[in-house]
Amino acid sequence: MSLQNNRPTHSLIGASSMHRWAECPASVRMSKGMPNTSSKYAEEGTEAHELAAAILNKEPVNVDLYPEGMLEAVQVYVEAVRADFGAADFAGTVQIEHSFDLSELHPGLYGTADCVIYNSSNKLLRVYDYKHGQGMAVEVENNEQLKYYGLGALLSTNYPCEFVELVIVQPRCVHPAGPIRRHKFPSIELLEFAADLVEAAKRTEDPKAPFKSGEHCRFCPAAAVCPELFGRAKSVAMKEFSPVKSYVPADLKEALMWADQLKGWIKSVEEFAYQEAQKGRVPPGYKLVQTRATRKWEDINKAAKTLENHVLDSEVRHLYTDPELKSPAQVEKALGKNIKDLVATLTVSVSSGTKLVPEMEPGEAIKLDAQTEFSAITH
């Protein structure tokens, strides 16, 4: 099963999103053409996976380039993998970042497992998934993403395999079973899962595929424009609760359960609307404006020297949050109003960017340049 080079790195029906598209097949149709967005958490996870692969491949690594605590977390995963292929009974192969292609089962089924180890001494195939996230503990049993990876590894390696062991390593999230969780079962069960995988993939191609909202909506690319979530938001918002009026406890429970999901949906809507406005497609009744300008030192070294020349040595220490000079506002507070005119000569007012606000709010709308306007018309 060879990999194709002319396709996206991540499939719309890939393993990492299977829990969502298997529950809500319409999400795949809605996600097509949506802008690729990323969060700092996703970027950090990608960086952690790259670090882990480099260490396991014995490549030179400058650990100083990585965020604090990342190496320690990644090392838990690295040591788990090394312990398995370093076991006394091990005789086989290790593949880091193992790519596979299941398009012969159904177009669009492909992906990459973090690590695959085959032990020929007991015909055991181990498939690892490193989770750098700390927000939600992931279960290893009945994990659709892991089974997807397991099936990909089983069919692409074609090793004589009697058992498969799926391994989740999640060092930054507390779980009763610990950071390393394993699930071993006969390999024939993955072939049974293959039928479920193909059936779920086919459902996503139905033009009338149904929507289904739930906790899987959290990371859906189409959440901002999803009619199901919009309807759910209206339904929850219309419910009224008051201590002086009778209410249905079950309705209150449902509203609380959905509150967190809808917070995520609202954030998705706001981010999508802002991206559209930046492209020239400003939502009716809204405008892009500059964020409020804040004062910054025009030249921090010049500012520090100038201020030191105008205050007593005993006061200099109050100007610093070791080792940098405090902000203009903090310096004024430390030295009093009599320094305000001097500070003004050393600072500039800078806007950190733009924001989308209702037209009725203060602030002049930013005029889009001709290139942005042309892009908005032609895309």
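The values are calculated or read from the model by the stated rules, or taken from the named source; none is laboratory data. None of these values were measured; they are calculated from a predicted model. Glycine gets a Cβ as well: all are built from the backbone with ideal geometry, and neighbour counts include every protein chain shown. Side chains are part of the model used for accessible areas, which takes the heavy atoms of the whole protein and leaves out ligands, DNA and RNA. Shrake-Rupley method; radii C 1.70, N 1.55, O 1.52, S 1.80 Å.
For region 256-291, what are the residues that are aliphatic (A, V, I, L, M) and over 17 Å from the mean Cα position of the chain (by Cα)? Residues satisfying the conditions are Leu256, Met257, Ala259, Leu262, Ala273, Ala277, Val282, Leu288, Val289.
Of everything in region 112-132, what is surrounded by 22 or more Cβ atoms within 10 Å (Cβ to Cβ) and hydrophobic (A, V, I, L, M, F, W, C)? Give them in sequence order. Within region 112-132, Ala113, Cys115, Val116, Ile117, Leu125, Val127 qualify. Of the residues in region 253-261, not one is open to solvent by less than 90 Å² (accessible area, probe 1.4 Å), within 30 Å of Thr291 (Cβ to Cβ), aliphatic (A, V, I, L, M) and not in a helix (DSSP H, G or I). Would you check if there is a residue in region 154-175 being aromatic (Phe, Trp, Tyr), in contact with a strand residue (DSSP E or B) (Cβ under 8 Å, 6 or more places away or on another chain) and closer than 20 Å to Glu23 by Cβ? No: region 154-175 contains no residue that is aromatic (Phe, Trp, Tyr), in contact with a strand residue (DSSP E or B) (Cβ under 8 Å, 6 or more places away or on another chain) and closer than 20 Å to Glu23 by Cβ. For region 266-289, a tally of residues being open to solvent by 30 Å² or more (accessible area, probe 1.4 Å) and in contact with a Lys or Arg (Cβ under 8 Å, 6 or more places away or on another chain) returns 1.
Can you confirm whether Lys202 is assigned to a loop (DSSP other than H, G, I, E, B) and basic (Lys, Arg)?
Against the criterion (assigned to a loop (DSSP other than H, G, I, E, B) and basic (Lys, Arg)), Lys202 does not qualify.
Just one of the listed residues (Ala48, Ala53, Ala42) is in a helix (DSSP H, G or I), of a type in the set (Gly, Ala, Ser), under 24 Å from the mean Cα position of the chain (by Cα) and loosely packed, with under 14 Cβ neighbours inside 10 Å, namely Ala42.
Within region 70-86, residues that are touching a residue at least 12 places away in the same chain (Cβ under 8 Å) have Cβ atoms under 9 Å from residues that are aromatic (Phe, Trp, Tyr) and open to solvent by 10 Å² or more (accessible area, probe 1.4 Å) in these pairs: Val74/Tyr66; Asp84/Phe90, counting only partners at least 6 apart in sequence or on another chain.
Can you work out which of the residues in region 133-150 that are open to solvent by less than 50 Å² (accessible area, probe 1.4 Å) and in a loop (DSSP other than H, G, I, E, B) is farthest from Asp101 (Cα to Cα)? Out of the qualifying residues, it is Ala137.
Residues are listed down the side, and each one gets a yes or a no for (1) touching a residue at least 60 places away in the same chain (Cβ under 8 Å); (2) not hydrophobic (A, V, I, L, M, F, W, C):
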| position | (1), (2) |
| --- | --- |
| Leu252 | no, no |
| Ala255 | no, no |
| Asp260 | no, yes |
| Lys263 | no, yes |
| Val269 | no, no |
| Gln275 | yes, yes |
| Pro284 | no, yes |
| Gln290 | yes, yes |
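Tally up the residues in region 36-62 that are touching a residue at least 12 places away in the same chain (Cβ under 8 Å) and over 23 Å from Glu215 (Cβ atoms), please. Number satisfying all stated conditions: 9.
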